[in-house]
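Student: Here's a structure for you.
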Amino acid sequence: MKDMDAAVKLFMALDRPFADLVDFFLKDEGYKVIRKSMQERNPETIGHPPDGRYRKSVHDIVKELTIRKHGGKPCRLTVALENQSYVSRIMPGRELMSSALHWDHWHRGIQSEHEKNDDLKTTEELLDGILPGDRMTPVLTLTPYFGQQPWKGANRFVADLTTCPPGLENAMADCPANVISFRDMTAKQLSMFEVGSMRAVAKCIRYARNRRQLRYEMRTDPSFRDMPAEAYEVINKATRMKLKPKHKEHNNMAKDVSSYDQYLLDMGERRGEKKGEKKGEKKGRIEGITATIMRFIQSRRRRHFSEMQIQDDLQIDFGLDEAKASQYMAAALTVKA
């Protein structure tokens, strides 16, 4: 669902959920994200070298940040998210391609800089285009999976997508998928998330089919308090719930739980709706998609994306034609970002 993908991008673009997800992935190595170090990066820079030869945008969200172990030396890292709402069986291949594109982009950029400064002196340096001390900021690609089906995609390129001769696996180009599947997590794994909206979303997806457990989590886990509107939207789209964000002074998760119970009880009755009611629902869905698109545009404007790039994103993420994307963009420009 394109609107689901857009909702996930808006949510994961927030610094807090993004950092909490990275912390969760790096927990076994003892690294933590330095929250104030995060800087938004244009996801197209990975897939678009300066000459514009590649036209594929390969990641949903890219941020450069600093990680550090307790008492250790800070390390700079680029983290790219490929959000998934469905099971992709070729994810390791997609990540292998994006890694190659990032390397190519970095190499072209630094070679061009050295040539401009006349830094390359020896024949070897001219051929390679880099100097001995040049280092690329490493890229960690994570695939958070928001779907309700168990993840059954491939985990590594060599292991699952090639017919590699036995014993030669280590000699072949390889890449992991790094999938974080909320649907398949254990209670212990869920508890390893920092308290916050990322953990709340993960728990809702994990316990969407276990009403009793989900009610308990909503009432006892402080992660469900004061969640941003983007988190509610992801939860509702991923689980078909109908929770609504509350103002901080009126935030009451008990009412949200009651709304969820009522939704489950009404599911059978809703199948027998009249034609007029269905038309009303369709109108509501259209209004909801419009609101999502406007938030999508405003979020990118706040992060200083160009108007042309935002319009391209609208066509890709929402399936809009150029004229419709321009109309939405024009309407959004009348609102202060």
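Student: Full extension from Leu168 to Lys188: what is 0.36 nm times the residue separation minus their Cα-Cα distance, to one decimal in nm?
Tutor: Roughly 3.6 nm would be gained on extension.
Student: Another question about this same structure. Order these by the 10 Å Cβ neighbour count, fewest first: Ile293, Ile34.
Tutor: The most exposed by this proxy come first: Ile34, Ile293.
Student: Taking loop as defined by DSSP and a crowding limit of 15 other beta carbons within 10 Å, which trypsin sites (Lys or Arg not before Pro) in the stretch 69-134 fit?
Tutor: Here the trypsin sites (Lys or Arg not before Pro) that fit, given the DSSP loop and packing criteria, are Lys69, Arg89, Lys121.
Student: Kirkwood Rh over alpha-carbon pairs of the stretch 99-194, then Stokes-Einstein at 10 °C and 1.306 mPa s: what D in µm² s⁻¹, rounded to an integer?
Tutor: Value of D from the Cα-based Kirkwood radius: 92 µm²/s.
Student: Determine the percent antiparallel among the DSSP beta bridges restricted to the stretch 1-184, to the nearest 5.
Tutor: DSSP beta bridges in the stretch 1-184 are roughly 60 percent antiparallel.
Student: In nanometres, what is the gap between the two model label sites at Ala323 and Leu127, each 7 Å from Cα along Cα-to-Cβ?
Tutor: Those two pseudo-labels are separated by 5.7 nm.
Student: Here's something else I'd like to know. Over the Cα atoms of the stretch 1-184, how large are the radius of gyration and the largest Cα-Cα distance (Dmax), in Å?
Tutor: Using the Cα atoms of the stretch 1-184, the pair Rg, Dmax is 18.1, 56 Å.
Student: Let me ask something else about it. With the crude spin-label approximation of a point 7 Å out along Cα→Cβ, what separation in nm comes out for Asn117 versus Ala229?
Tutor: Result: 4.6 nm between the two label points.
Student: With +1 assigned to the C-beta of every Lys and Arg and -1 to the C-beta of every Asp and Glu, and no other charges, what is the dipole magnitude of the stretch 1-184 about the Cα centre in debye, to the nearest 20?
Tutor: 680
Student: Please tell me which of these pairs span more than 21 angstrom C-alpha to C-alpha: Lys9/Lys244; Lys237/Lys324; Lys27/Lys73; Lys9/Lys69; Lys27/Lys237?
Tutor: Violating the 21 Å Cα-Cα cut-off are Lys237/Lys324; Lys9/Lys69; Lys27/Lys237.
None of the figures in this text is laboratory data; all of them are computed from the coordinates on show. As the structure is a prediction and not an experimental result, all values here were calculated from the model. Please note: Cβ atoms are built from the backbone with ideal geometry, for glycine as well, and neighbour counts cover all protein chains shown.
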